[in-house]
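Structure, as structure tokens:
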Amino acid sequence: MDKISFNFKNKTAVITGGAQGFGLDIAKRFLNSGAKVIIWDIDPKMVEKSLKDLNNSNLSSNIVDVSNYQEVDRTVKEITKNSNIDILINNAGITGPTATLWEYDIEMWKKVVDINLMGTFNCCRAIVPNMIKNNYGRIVNVASVAGKDGNANASAYSVGKAGAIGLTKSLGKELADKNIAVNAVTPAGAKTRILDQMTKEHVQRMLSKVPRGRFLEVEEFTSLVCWLSSEENTFSTAAVFDISGGRSTY
């Protein structure tokens with residue numbers, strides 16, 4: 001199936017967790033659609049590999065820990081000296097260990113929430129003022145059906161993604177009188193490296209809940225994100241877009 005064309009010329013996008021999985025595929029589509037792309041990731045080796053593989057003069061990168069606000073804010077100030085940030089894709093995230101809540105390692109619980117929720121907050125807080133100044137912006141927060149349903153043995157991940165959904169709805173309303181759209185996407189399990197962080201039993205349990213009987217393809221996810229990030233999306237904001245193969249019931 002041919003991919004739909006999007007026009008991102010003269011737009012600059014920041015994609016967190018951009019060196020692999022969803023983030024890397026979004027970066028490819030954005031670049032092919034004319035955008036300047038800055039990938040943020042915490043893994044220098046993956047960033048180096050991504051830059052080499054994509055080999056595009058409109059692609060650059062920063063090593064950023066999104067859970068560290070000072071680091072995020074410093075990087076944003078450097079970027080906005082010479083460029084606006086038109087699009088923000090909050091994609092960075094980790095699943096954390098599979099464990100019951102009462103046995104969950106406390107420090108790991110905090111780390112998962114810090115990256116999945118606080119990371120989204122930090123990036124929005126630092127970047128939104130630039131979007132307000134230019135009266136233009138598109139923000140897509142990558143949440144999960146886990147944030148809607150609450151996955152057993154994944155309380156930290158579920159809480160972080162539920163928080164990202166709540167943040168999206170609040171921020172979208174706060175910016176509704178401007179040409180800035182803030183939306184969340186809630187994918188079910190997809191064929192990315194994040195599945196490697198889970199037990200086989202947990203992965204199978206996830207798959208059994210999807211009526212379509214398969215995992216989400218990365219390209220399918222990217223198409224939805226591209227539309228939400230484009231100028232074509234002139235009305236939808238503070239919304240949650242499900243892409244779960246029929247799993248979600250609301």
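The values are calculated or read from the model by the stated rules, or taken from the named source; none is laboratory data. Just so we're clear, the structure is a prediction, and the values are computed from it rather than from any experiment. Heads up, the Cβs are rebuilt from the backbone with ideal geometry, glycines too, and the neighbour counts pull from every protein chain shown.
Yes or no: region 17-36 includes at least one residue that is out of contact with any Cys (no Cβ under 8 Å at 6 or more places or on another chain), among the acidic types (Asp, Glu) and under 20 Å from MET118 (Cβ atoms). Give the derivation first.
The first filter runs over region 17-36 and keeps only residues out of contact with any Cys (no Cβ under 8 Å at 6 or more places or on another chain), leaving 17-25, 27-28, 31-32, 34-36.
Then drop every residue that is not among the acidic types (Asp, Glu), which leaves 25.
With the extra rule that they be under 20 Å from MET118 (Cβ atoms), the set shrinks to none.
So far as region 17-36 goes, no, none of its residues is out of contact with any Cys (no Cβ under 8 Å at 6 or more places or on another chain), among the acidic types (Asp, Glu) and under 20 Å from MET118 (Cβ atoms).
Looking at region 69-80, can you tell me whether even one residue there is in contact with a strand residue (DSSP E or B) (Cβ under 7 Å, 6 or more places away or on another chain), on the phi < 0 side of the Ramachandran plot and aliphatic (A, V, I, L, M)? Give the derivation first.
Within region 69-80, the first condition is being in contact with a strand residue (DSSP E or B) (Cβ under 7 Å, 6 or more places away or on another chain), and the residues that meet it are 75, 79.
Filter again for on the phi < 0 side of the Ramachandran plot, leaving 75, 79.
Going one step further and asking which of them are aliphatic (A, V, I, L, M), we end up with 79.
Scanning region 69-80, I find at least one residue that is in contact with a strand residue (DSSP E or B) (Cβ under 7 Å, 6 or more places away or on another chain), on the phi < 0 side of the Ramachandran plot and aliphatic (A, V, I, L, M), so the answer is yes.
Condition first: buried (at least 16 other Cβ atoms within 10 Å of the Cβ), at pLDDT below 85, in a helix (DSSP H, G or I) and in contact with a strand residue (DSSP E or B) (Cβ under 8 Å, 6 or more places away or on another chain). Can you find one or more residues in region 197-205 that meet it?
Among the residues of region 197-205, at least one is buried (at least 16 other Cβ atoms within 10 Å of the Cβ), at pLDDT below 85, in a helix (DSSP H, G or I) and in contact with a strand residue (DSSP E or B) (Cβ under 8 Å, 6 or more places away or on another chain), which makes the answer yes.
Would you mention how many residues in region 9-34 are at pLDDT 95 or above, surrounded by fewer than 24 Cβ atoms within 10 Å (Cβ to Cβ) and assigned to a loop (DSSP other than H, G, I, E, B)?
Within region 9-34, residues that are at pLDDT 95 or above, surrounded by fewer than 24 Cβ atoms within 10 Å (Cβ to Cβ) and assigned to a loop (DSSP other than H, G, I, E, B) number 5.
Just checking, does region 5-27 include any residue being among the polar types (S, T, N, Q), over 21 Å from the mean Cα position of the chain (by Cα) and closer than 21 Å to ASN135 by Cβ?
Yes: one or more hits.
Of all residues in region 133-147, which are at pLDDT 95 or above and more than 18 Å from ILE26 (Cβ to Cβ)?
Matches in region 133-147: LYS133, ASN134, ASN135, TYR136, GLY147.
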